[in-house]
Amino acid sequence: MVTEKQLLDPHHWVKAHADYLYSYTLSRLNDEEQAKDLVQETFLAALEKVDRFEGKSSERTWLTAILKNKIIDVYRKKSSGLANIAEQKAEEEQKDFFEEDNGHWTQAHQPLPFGIEDHEPLRGKEFNHILQLCMQKLPAMWMSVFTMKHMDEATTEFICSELRVTQANFWVIIHRAKLSLRACLQKNWI
Amino acid sequence: MNPLKKVIYNCKQATLLIEKRQIRKLSFRESIELRIHLAGCSMCKLYNKQSQIINQMVLQLFHDTELQVSTLSLDENFKKELQDRIEGELNK
């Protein structure tokens, strides 16, 4: 088997990869200005690492790996400090989801059918739009954990160490994020 | 209340197990508890279905967004400046 050693060609980076990296970032951060900044930072950081490129992966895979780390940095920053207020607020909202004494769904928040449970998931634009809005409403930390898990299929250990959350907290966040997302869909779709 | 009963009658705990199950294997005990809960709780059964559908749709949404490269492309000026900057760095 012949494996071709991959080469880097910075003269064509923007033409070949900028749009891809931009959409990759946008789908994970949803902020155009920030996405532009990250694409730029990625190329500049990559230039400094050109010597260390071993040619084992494609140019695009290599650039994407650099970008991924930058996105995680953003997640980390967003999830610290003031952002916790959003988290507290979202936690507060969930207090009404279940009865305090026995953990049953409360009448006001119990799941109702979306009307799409029994067929092939509806790929309608409208539902996707609401889903997107509901995801944006999640507190930054929940969104970060949720995205890393479901979109990048990162391991739980990796997410915990990168975002500095404990395993126990990870499960709490995964649970809370889904409860919020589902409740938001129910409120805005039905 | 003993811990087993706690999950069997507790939707908050049951929904946590539903989320866990989609990411890792439940312990034997957890899986029995959840099964018993779901057998008797139509609301959590519905939650379970919806939770899985949401995961599928989120994945689909991410995938679609990534495919929309053409509609999400950067403007040409930005790209030109960026490539110029890279050339500048290369010539340093």
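Bear in mind these aren't lab numbers, they're just calculated from the coordinates by the rules spelled out. Since the structure is predicted, the reported quantities are computational estimates derived from the model, not experimental observations. Glycine gets a Cβ as well: all are built from the backbone with ideal geometry, and neighbour counts include every protein chain shown.
Going by Cβ distance under 4.7 Å, what cysteines of chain A have no possible disulfide partner?
By the Cβ distance rule, which asks for a partner under 4.7 Å, the isolated cysteines are A:C160.
Quick one: among A:D51, A:D37, A:D96, which has the greatest mean-square fluctuation in a GNM of chain A with alpha-carbon springs under 10 angstrom?
Top of the fluctuation ranking is A:D51.
Starting from the alpha-carbon convex hull of the range A:10-78, give the projected area averaged over all orientations, in nm².
Computed as one quarter of the Cα hull surface, the answer is 4.6 nm².
For the range B:3-91, would you read off the P(r) tail past 16 Å as a percentage of all alpha carbon pairs?
67 percent
For the protein assembly as shown, with only Lys/Arg (+1) and Asp/Glu (-1) charged at the beta-carbon, what is the dipole magnitude about the Cα centre, in debye rounded to 20?
Dipole about the Cα centre, nearest 20: 1040 debye.
Can you give me the long-range amide H partners of A:F98? Hydrogens built in the peptide plane at 1.01 Å from N, cutoff under 5 Å, separation of 5 or more residues or another chain.
A:T106
Can you give the Rg and Dmax of the range A:26-183 based on its C-alpha atoms, in angstrom?
Cα radius of gyration and Dmax of the range A:26-183 are 18.7, 62 Å respectively.
Cα-Cα over 28 Å: which of A:K5/A:K68; A:K5/B:K25; A:K56/A:K149?
A:K5/B:K25
What's the angle, to the nearest 10 degrees (0 to 90), between helix A:167-189's Cα axis and the longest principal axis of chain A?
Computed tilt is about 70 degrees.
Express in nm, to one decimal, how much length is gained between A:Q107 and A:K70 on full extension, taking 0.36 nm for each residue of separation and deducting their alpha carbon distance.
9.0 nm
From the residues A:L138, A:T64, A:L26, which one has its Cα farthest along the dipole of chain A in the positive direction, the dipole being from +1 and -1 charges on Cβ of Lys/Arg and Asp/Glu about the Cα centre?
Comparing the listed Cα positions along the dipole, A:T64 ranks first.
Relative contact order for the range B:3-91: what percent, with Cα pairs under 8 Å and sequence separation of 6 or more?
Rounded, it is 24 percent for the range B:3-91.
Given points 7 Å out from each Cα along the Cα-Cβ axis, report the B:Q56 to A:K77 separation in nanometres with one decimal.
Inter-label distance under the simple model: 3.8 nm.
Need one number: convex hull volume per residue for the protein assembly as shown, Cα atoms only, in Å³.
About 172 Å³ per residue, rounded to a whole number.
Over chain A, with a Gaussian network built from C-alpha contacts below 10 Å, which listed residue (A:T155, A:T166, A:T42) shows the highest mean-square fluctuation?
Maximum fluctuation in the GNM of chain A, among the listed residues, is at A:T155.
Starting from the 7 Å offset along Cα-to-Cβ, what nm value, one decimal, do you get for the label separation of A:N169 and A:E92?
Spacing of the two 7 Å Cα→Cβ label points: 2.1 nm.
For the range A:10-78, what does the relative contact order come out to in percent, with C-alpha contacts under 8 Å and a separation of six or more?
Relative contact order comes out at 35 percent.
Given the options B:G40, B:L61, B:Q22, identify the residue whose Cα lies farthest towards the positive end of the charge dipole of the range B:3-91 (+1 on Cβ of Lys, Arg; -1 on Cβ of Asp, Glu).
Toward the positive end, the furthest listed residue is B:G40.
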